[in-house]
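Here the structure comes first, spelled out in structure tokens, and everything after it is commentary.
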Amino acid sequence: MLNKTYQPDDVEPRRYAAWEKSGVFAADERSNGQPFTVMMPPPNVTGSLHIGHALNHTLQDVLVRYHRMSGRNTLWQPGTDHAGIATQMVVERQLESEGSSRAALGRDDFVERVWQWRQESGGTILGQLRRLGDSADWARERFTMDEGLSAAVRKVFVQLHREGLIYRDQRLVNWDPKLGTAISDLEVDNRDVKGKLWYFRYAIEGEPDRTITVATTRPETMLGDSGIAVHPDDARYADLVGRYAVLPIVGRRLKIVADTYSDPEKGSGAVKITPAHDFNDFEVGRRHDLEMINIFNGDASLNEAVPEAYRGLDRFAARERIVAAMEALGLLEKVEEHAHTVPYGDRSDVVIEPWLTTQWYVDAKTLAKPAIEAVEEGRTRFVPQQFENVYFEWMRNIQPWCISRQLWWGHRIPAWYAPDGTIFVAESEDEARIEAEARFGAGVALRQDEDVLDTWFSSGLWPFSTLGWPERTPALERFYPGDVLVTAFDIIFFWVARMMMFGLHFMGDVPFRTVVIHALVRDSRGQKMSKSKGNIIDPLDFIERYGADALRFTLAALTAQGRDVKLAEDRVAGYRNFATKLWNAARFCEMNECRFDPDFDPAEADQTVNRWIIGRTADTVLAVSEALDAFRFNEAASALYQFLWHTYCDWYLEFAKPVLSGEDGAARAETQATASWVLGRSLHLLHPFMPFITEELWDNLAGGEKNRLIVSPWPDEDRTLVDKYAQEEMDWLVRTIGAIRTVRAEINVPAAARLPVMVAGGSEMTIQRFETYRDTITRMARLDAERIVFSPTDSGEAAVRVLVDEATLVLPLAGVIDIAVERERLHKEIQRLDGEVAGFDRKLANPQFVARAPEDVVEEQREKRHEAEQARNRLAAALEQLAAA
């Protein structure tokens, strides 16, 4: 017997433990069944569940459970990423609290300490993902630093190096001076700041009275200037191209070059070029063979390349001193307030420096070519398709990929250096020694490269390294390539692109057939979540209060393709109420002895109401299946919600109540079987979204240890169950009762009042239907059964009128409500809503608001205007009805 109320905190942990213990999450690499593979984007080992994870994993689990029930041999490959910088910082903070440091331990002991932390505390997020309901094949869990994955990383590095696709080069990188390492673009937080723009005058060589003005937001970098760029078509500087200016303070000659990078409409039209400290300047410098002058140390202090007075200064202290010196020389023309973007390290929270250094690189352009072709040819498709353009834009303009990091935690680069600088790249030190001995004729001391690889290098191998590559394992043969990758749009460049490149190069096939891109989760106002705004949503908090099912269904229901998810707590609370509604419906069926009959044949149902709900169930099976196949999660969720809450609970069960308590035994038995059959089908359809409550209810209805819902077959799309006659008749009944209920609600008819009704102009079929369902209509629309009359024409009396198909339902209100008072109430409410609509119109007609406000804020105003207008129109229609009453 089901409890009176549904308690998620009791059901969810118990159900999950039973699933995991039973092994129902496991894929079978020996099975000949059609595989369905999803590779879990490996969360950082340092991480905890945030709302973005909750969305991403909900969508993955919906697909996994759907395809598992559809008979596919389903693998959801789980694991975690070693997260080089993040993990190293966690352990370094621990050491700092103990009065120690990474340097004090030394490399080997520090790495051992990180492994110890990982064993004791890492992977917390995996337990949290279980709490969300992830049905991953946990027995196959992998970690990007597992020995098997590490072997794959070494093999890939060595092979790419031998193919000339990995090399060392001196280029600019994003340098974090606090962490002392290069970082990826993904780890850079570009912030809009209010700064200054300094205009400096540089003297023209040979013309002491002539200067050229350049503007900069970073005066400290001027000490590394090696050129000045002007636009080729800028007549102001045409005679200076090819000549030289003199760098103040330093005295260095700066060649003036013509380059389209310089914008003649911006600033003075002349741009100082510092190739070693700006990414754009670096490219200009290479085009014009300008000197690369690195003026910073690794901690962003100034080095020996600058005049002695500035050596050792912090970059920002140097900025102040340089500005003062230029002003003293009379070369500071002006200073302007200037809003611009400054890159910060997302973990160190310090300004990132473009820094010229020697690093290891991957020839990404070469690897990108087949990855571009694979999407062009449709071997991998993006959903929504518009994200293909994002992918193409990045891949067609891809730059060399810096893969080395100056850290201790991570995959150490498999390269060894001989005393003369010769590099030996090999999968092990023994192999490197053999190569060195062959070269030198004797053994020499070798030193391994100190750097580790970018985390994205190892995670780029995830789709095949986790399956045992480089060995051709049965799992690799069975589950590669994958079917679907579900991920956020912001890592298309960093992860999706890497997997595509590596998969094609080493496996000869794409890593996945479909990439489903979901948007960001924002707060209820459409704002991006941040600690500073105080609008962070903790999914674990929602799970504790409302249950995992409610959160999952909310996220799926709000996931429309190409649109951000606006998450409000009341939506989660609302879908908790949906779970309660479902629970109560199941209890109703249980109390009315609606036992599940596995031999029940819905095609044999005789009662119109039963044939109707059976057909509607078939419609819902089709709608949900088609939506999931098209990755339209919100449409699938909406179809389920509308069917279960409204069609099944609000209408069918209400229609069924008299039958279930009636004297007709055959009709009662059929209705009991039908109600149970529909509930069972509904639980199957809803399971991918709300797995816990559906498994609990199915177990009570028809399940058991050998008949778990999670592995039960997905319902067939049997269109023969749709009875057109039953659909038309019952839909008419729903429309009729619904129309009367709507009128009653809008004009405040008391719930206890039973209204008379005249059916005017109704066809013979309508009159017959009214007679057939007189008791039902009377009960559910709260009409006076003794005062239902039929007339070929409208009586014309004062009344409210409702049009249902060809018939007019005339509802006299005299003596039921105070019509004058109700008119006044409606009039005032309409005036209020008119004011709201006018206010929204004024705001949306303001060009400054539309141009400056974030797009999500503007869209929110449009939505609120639409809602107010719709409400106003409904009330206006009600007022018009009362005007005639």
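Observations, loosely collected:
- Check on residue 20, of a type in the set (D, E, K, R) and buried (at least 18 other Cβ atoms within 10 Å of the Cβ): no
- Sole exception among (1) buried (at least 23 other Cβ atoms within 10 Å of the Cβ); (2) over 30 Å from residue 568 (Cα atoms); (3) hydroxyl-bearing (Ser, Thr, Tyr) for residue 58, by number: (2)
- Filter pass, residue 342 being under 14 Å from residue 218 (Cβ atoms), in contact with a Phe, Trp or Tyr (Cβ under 7 Å, 6 or more places away or on another chain) and in a strand (DSSP E or B): no
- In segment 266-310, the residues that are of a type in the set (D, E, K, R), in contact with an Asp or Glu (Cβ under 7 Å, 6 or more places away or on another chain) and buried (at least 20 other Cβ atoms within 10 Å of the Cβ): 272
- Verdict on residue 580 being surrounded by fewer than 17 Cβ atoms within 10 Å (Cβ to Cβ), among the polar types (S, T, N, Q) and part of a helix (DSSP H, G or I): yes
- Remark: pairs (first residue in segment 189-215, within 25 Å of residue 339 (Cβ to Cβ); second residue open to solvent by 60 Å² or more (accessible area, probe 1.4 Å) and not in a strand (DSSP E or B); Cβ separation under 8 Å; 6+ apart in sequence or on different chains) = 189/346.
- Considered as a group, the residues in segment 114-145 that are of a type in the set (D, E, K, R) and at pLDDT below 95 include one that is surrounded by the fewest Cβ atoms within 10 Å (Cβ to Cβ), and that residue is 120.
- When residue 289 is tested against the conditions (1) touching a helix residue (DSSP H, G or I) at 6+ places or on another chain (Cβ under 8 Å); (2) without any contact (Cβ under 8 Å) to a residue 40 or more places away in the chain, the lone failure is (1).
- For the residues 571, 576, 611, the requirement of being among the charged types (D, E, K, R), in contact with an Asp or Glu (Cβ under 6 Å, 6 or more places away or on another chain) and within 21 Å of residue 641 (Cα to Cα) singles out 611.
- Close contacts from segment 437-448, counting a first residue that is over 20 Å from residue 413 (Cβ atoms) and a second that is open to solvent by 50 Å² or more (accessible area, probe 1.4 Å) and in a loop (DSSP other than H, G, I, E, B), with Cβ to Cβ under 6 Å and a gap of 6+ residues or different chains, come to 437/443.
- At least 2 residues being touching a residue at least 60 places away in the same chain (Cβ under 8 Å), closer than 25 Å to residue 626 by Cβ and open to solvent by less than 50 Å² (accessible area, probe 1.4 Å) is the threshold, and among the helices (runs of 4 or more DSSP H) wholly inside segment 643-759 those reaching it are 665-686, 691-701, 724-746.
- Top-ranked residue of segment 146-173 - restricted to ones that are open to solvent by 20 Å² or more (accessible area, probe 1.4 Å) and of a type outside the set (D, E, K, R), ranked as nearest to residue 62 (Cα to Cα): 148
- Segment 23-45 - residue that is open to solvent by 50 Å² or more (accessible area, probe 1.4 Å) and out of contact with any strand residue (DSSP E or B) (no Cβ under 7 Å at 6 or more places or on another chain) and, of those, farthest from residue 80 (Cα to Cα): 32
- Checking 654, 663, 604 one by one, the residue that is more than 30 Å from residue 486 (Cα to Cα) and modelled with pLDDT under 95 is 663 and no other.
- Cβ pairs under 6 Å, 6+ apart, first in segment 792-808 and of a type in the set (Ser, Thr, Tyr), second assigned to a loop (DSSP other than H, G, I, E, B) and open to solvent by less than 50 Å² (accessible area, probe 1.4 Å): 808/761
- Leading residue by the ranking (farthest from the chain's Cα centre (by Cα)) among those in segment 233-265 that are open to solvent by 70 Å² or more (accessible area, probe 1.4 Å) and of a type outside the set (D, E, K, R): 235
- Within segment 337-362, the set of residues being touching a strand residue (DSSP E or B) at 6+ places or on another chain (Cβ under 8 Å), exposed (fewer than 12 other Cβ atoms within 10 Å of the Cβ) and farther than 22 Å from residue 280 by Cα comprises just one member, 337.
The values are calculated or read from the model by the stated rules, or taken from the named source; none is laboratory data. A quick note: this is a predicted structure, and the numbers were derived from the prediction, not measured. Backbone-built Cβ (ideal geometry, glycine too); neighbour counts: all protein chains shown. For accessibility, only protein heavy atoms count, side chains too; no ligands or nucleic acids. Shrake-Rupley method; radii C 1.70, N 1.55, O 1.52, S 1.80 Å.
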